[in-house]
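Student: The structure that follows is given in the form of structure tokens.
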Amino acid sequence: MKKGTKKVVLGVAAHSDDLDFGAFGTFCKFVDDGYDCYYLILTDGSKGSRDPKMTAARLAKIRQDELRQSAKMAGIKDVFFLGHADGELVADLKLRKEIVRYIRRLKPDIVVTQDPTYMYSERFVNHADHRAAGTATIDAVFPAARNPMTFPELKKEGLDHHRVAQMYLMNMQTPNYAVDITKYIDRKIKGLGIHKSQGIGQNPEWMRQMSANLGKKWKYKHAETFFKIDFAI
């Protein structure tokens, strides 16, 4: 990246572990390439536990603390939480405006989010919050954030319209783009291991094998994959 062209990346997801799971290595690479990176988490994560002794308030705090630790490991500049109820996220106009506010505030060149088109596979059903997060973020990026006539009241907060150049939808099923994270795979596994409330780090070899499988098509030892959109206008 040329001197004087500092760029910004904003990751938007439903839960505290989502961006780390799908794009931790990619964010590490963005940071190493000189980008300022931020996370925006839409829910409070208060229902993501099978522990019958856990309380919603305690879990929400634990998950926020976990993400702040893992984000620091990736080099994320700041993490923001909207605090919507876990399991109840709706891609409505209110949520879209909230995301637009952060897009206009941070002015990202790239937005990374969840792919709402993925609903299920033979062994997995994609969380409704993930789909709502992806839909709301796509709608916030295009056309809401870039249209000066959409949410004009945000101008009173000093937030003018902003055009995002690229969007990365985290996608393991039908990707059109991959990022080589071979350099970052060990750090990703450590970062995911911080999310102890979710048990993600209990099987690191599974995560290593998954990234290896994703990289085969692109001849990368380890990869994260996306459906990448380059906005032409």
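The values are calculated or read from the model by the stated rules, or taken from the named source; none is laboratory data. Please read these numbers as outputs of a predicted model, since none were measured by experiment. Glycine gets a Cβ as well: all are built from the backbone with ideal geometry, and neighbour counts include every protein chain shown.
Student: Being out of contact with any Leu (no Cβ under 6 Å at 6 or more places or on another chain), crowded, with 16+ Cβ neighbours inside 10 Å and part of a loop (DSSP other than H, G, I, E, B) is the requirement here; does Lys47 meet it?
Tutor: In short, yes.
Student: Oh, and also: Say whether the condition of being in contact with a helix residue (DSSP H, G or I) (Cβ under 8 Å, 6 or more places away or on another chain) and closer than 24 Å to Cys28 by Cα is met by at least one residue in the stretch 147-162.
Tutor: no
Student: Failed condition for Val90, given (1) assigned to a helix (DSSP H, G or I); (2) modelled with pLDDT of 95 or more; (3) surrounded by fewer than 19 Cβ atoms within 10 Å (Cβ to Cβ), with all others met?
Tutor: Checking Val90 against (1) assigned to a helix (DSSP H, G or I); (2) modelled with pLDDT of 95 or more; (3) surrounded by fewer than 19 Cβ atoms within 10 Å (Cβ to Cβ), the one that fails is (1).
Student: Would you tally the residues in the stretch 171-186 being in contact with a His (Cβ under 9 Å, 6 or more places away or on another chain) and not in a loop (DSSP other than H, G, I, E, B)?
Tutor: 5
Student: Against the conditions (1) modelled with pLDDT of 95 or more; (2) of a type in the set (Lys, Arg); (3) more than 16 Å from the chain's Cα centre (by Cα); (4) over 23 Å from Gly158 (Cα atoms), where does Arg105 fall short? Just the number, please.
Tutor: (4)
Student: From the set of residues in the stretch 1-44 that are in a loop (DSSP other than H, G, I, E, B) and of a type in the set (Gly, Ala, Ser), which is surrounded by the most Cβ atoms within 10 Å (Cβ to Cβ)? Working first, answer last.
Tutor: Start the filter on the stretch 1-44 by keeping residues that are in a loop (DSSP other than H, G, I, E, B), which leaves 1-7, 14-17, 33-35, 44.
Retained after the next criterion (residues that are of a type in the set (Gly, Ala, Ser)): 4, 14, 16, 34.
Working: Gly4: 5, Ala14: 27, Ser16: 29, Gly34: 12.
In this case the residue turns out to be Ser16.
Student: Just to be sure I understand the filter: pairs with C-beta atoms under 6 Å, separated by 6 or more residues or on different chains, first member in the stretch 205-233 and without any contact (Cβ under 8 Å) to a residue 40 or more places away in the chain and in a helix (DSSP H, G or I), second member of a type in the set (Gly, Ala, Ser) and surrounded by 13 or more Cβ atoms within 10 Å (Cβ to Cβ). Which pairs pass?
Tutor: Gly215/Ala223
Student: Sticking with this structure for a sec: Could you grab me the full set of residues in the stretch 135-151 that are of a type outside the set (Val, Ile, Thr) and either in contact (Cβ under 8 Å) with a residue 12 or more places away in the chain or closer than 14 Å to Leu93 by Cβ (or both)?
Tutor: Hits for the stretch 135-151 are Ala136, Asp139, Ala140, Phe142, Pro143, Ala144, Ala145, Arg146, Asn147, Pro148, Phe151.
Student: Related question: Identify, by number, the condition in (1) touching an Asp or Glu at 6+ places or on another chain (Cβ under 7 Å); (2) at positive phi; (3) at pLDDT 95 or above that Gly45 doesn't meet.
Tutor: Failing condition for Gly45: (3).
Student: Okay, moving on. For Ile233, which of the numbered conditions (1) modelled with pLDDT of 95 or more; (2) β-branched (Val, Ile, Thr); (3) more than 20 Å from Phe24 (Cβ to Cβ) fails to hold?
Tutor: Result: Ile233 fails condition (1) only.
Student: Here is a further query. Quick check on my filter: what residues within the stretch 103-132 are under 17 Å from Ser16 (Cα atoms) and of a type outside the set (A, V, I, L, M, F, W, C)?
Tutor: Thr113, Gln114, Asp115, Asn126, His127, Asp129, His130, Arg131
Student: Against the condition of a type outside the set (Ser, Thr, Tyr), on the phi < 0 side of the Ramachandran plot, buried (at least 21 other Cβ atoms within 10 Å of the Cβ) and in contact with a helix residue (DSSP H, G or I) (Cβ under 8 Å, 6 or more places away or on another chain), how does His195 come out, does it pass? It would help to see each step written out before you state the result.
Tutor: Details: of a type outside the set (Ser, Thr, Tyr): yes; on the phi < 0 side of the Ramachandran plot: yes; buried (at least 21 other Cβ atoms within 10 Å of the Cβ): yes; in contact with a helix residue (DSSP H, G or I) (Cβ under 8 Å, 6 or more places away or on another chain): yes.
For His195, the condition - of a type outside the set (Ser, Thr, Tyr), on the phi < 0 side of the Ramachandran plot, buried (at least 21 other Cβ atoms within 10 Å of the Cβ) and in contact with a helix residue (DSSP H, G or I) (Cβ under 8 Å, 6 or more places away or on another chain) - is met.
Student: Kindly establish whether Val164 is assigned to a loop (DSSP other than H, G, I, E, B) and out of contact with any Gly (no Cβ under 6 Å at 6 or more places or on another chain).
Tutor: yes
Student: Conditions: (1) within 30 Å of Lys217 (Cβ to Cβ); (2) part of a helix (DSSP H, G or I); (3) touching a Ser or Thr at 6+ places or on another chain (Cβ under 9 Å). Pro143 meets all but one. Number of the miss?
Tutor: Checking Pro143 against (1) within 30 Å of Lys217 (Cβ to Cβ); (2) part of a helix (DSSP H, G or I); (3) touching a Ser or Thr at 6+ places or on another chain (Cβ under 9 Å), the one that fails is (1).
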